[in-house]
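Worksheet: the structure to be examined is printed underneath.
The values are calculated or read from the model by the stated rules, or taken from the named source; none is laboratory data. Since this is a predicted model, take the numbers as computed values, not measurements. Backbone-built Cβ (ideal geometry, glycine too); neighbour counts: all protein chains shown.
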Amino acid sequence: MTATKKPDDSKSAIAVKTDAMLTAIAADLEVADASGSESVTAGAATVAAGMVAEKAADTEVPVLGKQGSKSLRRNVGIVSFYTMLSRITGLARDTIFGHIFGATHATDAFVMAFTIPNAFRNLVAEGALTVAFLPVFKTTDKEGGDAAVKRLMSQSLAVFPVLAVAVTAIAILFATPLVDFFAHGFHRVPGQFEETVQLTQWMLWYLPMVSFVALTMGALNARQHFASSAASQLIFNTVHIAVILTATRLIDPPMLGVACGVLTGGIAQVIMQLVALDRAGLLVRPNFSFGPEIRRILSLLTPAIASNAIYQFNIAALRYYNSYMEEGAVTYLYNADRFFQLPLGVFAIAIATVSLPALAEALNNGGKEKLTATFRNSIQLNNFITIPSAVGLMVLALPIVATISQHGRFTYEMAL
């Protein structure tokens, strides 16, 4: 027996799917600067979020019209603007870091230590939690209204921070084997491995903070409050720069001061998100309870984490190989990746800004041919921009790196 769908049902599903894709993509574009990698590792999870939202769409939802497309462009524009600023401040932070410290065993220890909490962050927090939380939030909002949303937020603000602290505590307890997994080659240099372990144990406390930011980002984006989440990374970079310029002169060893800058930036992000939650009417008293919505989010975390695990394993393999190379090699690769990924991140935002409204319109109008043509044009535009950018970076690598990074203790030989 074949069930006949009402014509509006498919559009309802498409509308929810489009909205989920927008908010998830917005989250993807916001989370990259702290880790020094602009790769959109949650891309597969973004698609998964859209699919989950589509399956959840079993009641009527308004289809995006001209006003919806205008709102879509405005929201993506907000994310693009703040993400561009975060890219600039992220590059400024790395330039200042190189100016003060150069590329040494100590900077290698910091970069390696910061890689580990960021691997957890990309794997579990911003890479999966935001995407798993978002469709459940939207379905709860649609079916249960404000009371159900506040119940979900109350449980989420209790359960997930506690889980994040528990994961962090376990990671700190096993920091030595973790660092050994990422940087076994550091044993060759006296004291470097031990310094990396110490820095890792400090910066792992950034994980609960960024997990909270990821959780609240999903809720705020679902309610169309994009500005605070998009500006979160800008705040982190700005605070981190301020601490690098001040605390590193007062704290010994200086890299511990840089690590304190990471934690201070995380605290600033949490405060900013708390204010945004309050303004959005989503700041409620935490209630530690595993309701059906929480269990649903936890079930969605597994495929989202699996989709991100391959990339994080690749990062671990690269860092492991780097740890056996010459002094400064880890820092060199970190900086090279920043330069490589910077234009990619900027252009990805521009392409998303141009193509998302057109894709949404094609989806909502049910035109498969129009959707295919729009998607093909987006891919062609991406290739048109990124391929020449890659060639340009290859040809002009030295003058670009030297102009931006060759300052202070970051010498010409390091730029090479």
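Quick look at the numbers
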{"read-out": "Which numbered condition VAL131 misses (of (1) within 24 Å of ILE267 (Cβ to Cβ); (2) in contact (Cβ under 8 Å) with a residue 24 or more places away in the chain; (3) among the aliphatic types (A, V, I, L, M))", "value": "(1)"}
{"read-out": "Search result, residues across segment 302-320 that are surrounded by fewer than 19 Cβ atoms within 10 Å (Cβ to Cβ) and either touching a residue at least 40 places away in the same chain (Cβ under 8 Å) or small (Gly, Ala, Ser) (or both)", "value": "PRO303, ILE305, ALA306, ALA309, ALA316, ALA317, TYR320"}
{"read-out": "Options LYS138, LYS150: the member that is over 30 Å from ILE241 (Cα atoms), surrounded by 22 or more Cβ atoms within 10 Å (Cβ to Cβ) and of a type in the set (Lys, Arg)", "value": "LYS138"}
{"read-out": "Odd one out for ASP252 among (1) in contact with a Gly (Cβ under 7 Å, 6 or more places away or on another chain); (2) not in a helix (DSSP H, G or I)", "value": "(1)"}
{"read-out": "Any hit, segment 124-144, residues being farther than 25 Å from PRO253 by Cα, modelled with pLDDT under 90, among the aromatic types (Phe, Trp, Tyr) and not in a helix (DSSP H, G or I)", "value": "no"}
{"read-out": "Any hit, segment 223-241, residues being closer than 27 Å to ALA92 by Cβ, β-branched (Val, Ile, Thr) and assigned to a loop (DSSP other than H, G, I, E, B)", "value": "no"}
{"read-out": "Members of segment 214-245 found to be on the phi > 0 side of the Ramachandran plot and aromatic (Phe, Trp, Tyr), listed by number", "value": "none"}
{"read-out": "Count of segment 227-239 residues which are out of contact with any Ser or Thr (no Cβ under 8 Å at 6 or more places or on another chain) and at pLDDT below 85", "value": "2"}
{"read-out": "Residues of segment 177-195 classified as over 26 Å from the mean Cα position of the chain (by Cα), assigned to a helix (DSSP H, G or I) and free of Cβ contacts under 8 Å to residues at least 40 places away in the same chain, total", "value": "3"}
{"read-out": "Scope segment 244-267; condition farther than 30 Å from PHE137 by Cα and buried (at least 20 other Cβ atoms within 10 Å of the Cβ); matching residues", "value": "ILE244, THR248, MET255, VAL258, ALA259, GLY261"}
{"read-out": "Failed condition for GLU413, given (1) at pLDDT below 70; (2) closer than 23 Å to ILE88 by Cβ; (3) surrounded by fewer than 13 Cβ atoms within 10 Å (Cβ to Cβ)", "value": "(2)"}
{"read-out": "Set THR196, THR168, THR176: member being within 26 Å of VAL258 (Cβ to Cβ) and in contact with a Leu (Cβ under 7 Å, 6 or more places away or on another chain)", "value": "THR168"}
{"read-out": "Selection count, segment 268-312, where residues are over 18 Å from ASP146 (Cα atoms) and either under 21 Å from the mean Cα position of the chain (by Cα) or part of a helix (DSSP H, G or I) (or both)", "value": "26"}
{"read-out": "Residue satisfying all of: in segment 313-328; in a loop (DSSP other than H, G, I, E, B) and small (Gly, Ala, Ser); nearest to PHE182 (Cα to Cα) among these", "value": "SER323"}
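Let's see how each residue does on (1) at pLDDT below 85; (2) closer than 30 Å to LEU396 by Cα; (3) crowded, with 16+ Cβ neighbours inside 10 Å; (4) in contact with a Gly (Cβ under 8 Å, 6 or more places away or on another chain):
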| residue | (1), (2), (3), (4) |
| --- | --- |
| SER289 | no, no, no, no |
| GLU326 | no, yes, no, no |
| LEU333 | yes, yes, yes, no |
| LEU342 | yes, yes, yes, no |
| SER355 | yes, yes, yes, no |
| LEU363 | yes, no, yes, no |
| LYS368 | yes, no, no, no |
| ILE379 | yes, yes, no, no |
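Residues are listed down the side, and each one gets a yes or a no for (1) assigned to a helix (DSSP H, G or I); (2) touching a strand residue (DSSP E or B) at 6+ places or on another chain (Cβ under 9 Å); (3) modelled with pLDDT under 95; (4) within 23 Å of VAL124 (Cβ to Cβ):
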position	(1), (2), (3), (4)
VAL197	yes, no, no, yes
SER211	yes, no, yes, yes
ALA214	yes, no, yes, yes
LEU256	yes, no, yes, no
